[in-house]
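Asks: The structure that follows is given in the form of structure tokens.
The values are calculated or read from the model by the stated rules, or taken from the named source; none is laboratory data. Because the structure is a prediction, the values reported are computed rather than measured. Reconstructed Cβ throughout: ideal geometry from the backbone, glycine too, with neighbour counts over all protein chains shown. These accessible areas exclude ligands, DNA and RNA; they are computed on the full protein's heavy atoms, side chains included. Shrake-Rupley method; radii C 1.70, N 1.55, O 1.52, S 1.80 Å.
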Amino acid sequence: MRLWHEELISKLPRQQLLGQHRECCALRGGGWGKKHRTVDYAFNHSPYKLVQYHEKVMLEMQRRHFKPDINWFDPLYRGTHTPPYVDLPAVPLTHPIYPEHDAAYYQECLDNLATKHIYL
């Protein structure tokens with residue numbers, strides 16, 4: 001379970017990109033707030049930040065001719081098993097979306113990918 005550094009999204013191989021989409025779906029749904037060492041930082045921010053990150057993933061998917069479920073573009077949507085948000089105030093889009101996605105995290109992600117024999 002990991003949110004790849006956002007600068008890597010456009011470079012991720014197919015398997016990692018689609019896995020990232022599944023990860024975002026799980027976190028936006030029933031996984032929100034469930035502790036996991038590599039994504040705990042996301043819970044320190046508004047869930048809207050995850051929506052922004054997920055949108056970036058889905059736009060890359062579309063660029064590669066994948067068709068993510070259009071429902072996920074709705075910030076209130078949380079999947080078929082979790083009730084939608086009634087209200088989720090928008091937050092300004094920042095770069096990076098998550099401040100934790102710094103140079104050290106970028107390198108950590110590259111190192112993690114290298115363990116999978118993926119070199120970007």
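Asks: Kindly indicate whether any position in segment 80-93 is at pLDDT 95 or above and over 22 Å from residue 26 (Cα atoms).
Replies: yes
Asks: Among the residues of segment 111-120, how many are surrounded by 10 or more Cβ atoms within 10 Å (Cβ to Cβ) and either among the aliphatic types (A, V, I, L, M) or part of a loop (DSSP other than H, G, I, E, B) (or both)?
Replies: Count: 5.
Asks: Evaluate the following for residue 47: is it touching a residue at least 40 places away in the same chain (Cβ under 8 Å), surrounded by fewer than 15 Cβ atoms within 10 Å (Cβ to Cβ) and out of contact with any strand residue (DSSP E or B) (no Cβ under 9 Å at 6 or more places or on another chain)?
Replies: Against the criterion (touching a residue at least 40 places away in the same chain (Cβ under 8 Å), surrounded by fewer than 15 Cβ atoms within 10 Å (Cβ to Cβ) and out of contact with any strand residue (DSSP E or B) (no Cβ under 9 Å at 6 or more places or on another chain)), residue 47 does not qualify.
Asks: From 97, 9, which residue is touching a Lys or Arg at 6+ places or on another chain (Cβ under 8 Å), aliphatic (A, V, I, L, M) and within 17 Å of residue 120 (Cα to Cα)?
Replies: Checking each option against the conditions leaves just 9.
Asks: Can you find even one residue in segment 83-98 that is farther than 14 Å from residue 1 by Cβ, outside any loop (DSSP other than H, G, I, E, B) and under 12 Å from the mean Cα position of the chain (by Cα)?
Replies: No, the conditions are met nowhere in segment 83-98.
Asks: Oh, and also: So residue 65 clears everything in (1) surrounded by 12 or more Cβ atoms within 10 Å (Cβ to Cβ); (2) farther than 20 Å from residue 43 by Cα except one condition, right? Which one?
Replies: Only one criterion in (1) surrounded by 12 or more Cβ atoms within 10 Å (Cβ to Cβ); (2) farther than 20 Å from residue 43 by Cα is unmet by residue 65, namely (1).
Asks: Using the structure shown, decide if residue 108 is closer than 22 Å to residue 119 by Cα, charged (D, E, K, R) and open to solvent by less than 20 Å² (accessible area, probe 1.4 Å).
Replies: Against the criterion (closer than 22 Å to residue 119 by Cα, charged (D, E, K, R) and open to solvent by less than 20 Å² (accessible area, probe 1.4 Å)), residue 108 does not qualify.
Asks: Can you pull out every residue in segment 68-92 that is hydrophobic (A, V, I, L, M, F, W, C), loosely packed, with under 12 Cβ neighbours inside 10 Å and under 24 Å from residue 40 (Cβ atoms)?
Replies: Answer for segment 68-92, where residues must be hydrophobic (A, V, I, L, M, F, W, C), loosely packed, with under 12 Cβ neighbours inside 10 Å and under 24 Å from residue 40 (Cβ atoms): just 90.
Asks: So which residues in segment 1-35 are open to solvent by less than 10 Å² (accessible area, probe 1.4 Å), within 20 Å of residue 114 (Cα to Cα) and hydrophobic (A, V, I, L, M, F, W, C), if there are any at all?
Replies: 3, 8, 9, 12, 17
Okay, residues lined up against (1) in contact with an Asp or Glu (Cβ under 9 Å, 6 or more places away or on another chain); (2) in a helix (DSSP H, G or I); (3) closer than 21 Å to residue 107 by Cα:
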site: 15; (1), (2), (3): no, yes, yes
site: 33; (1), (2), (3): no, no, no
site: 36; (1), (2), (3): no, no, yes
site: 42; (1), (2), (3): yes, yes, yes
site: 61; (1), (2), (3): no, yes, no
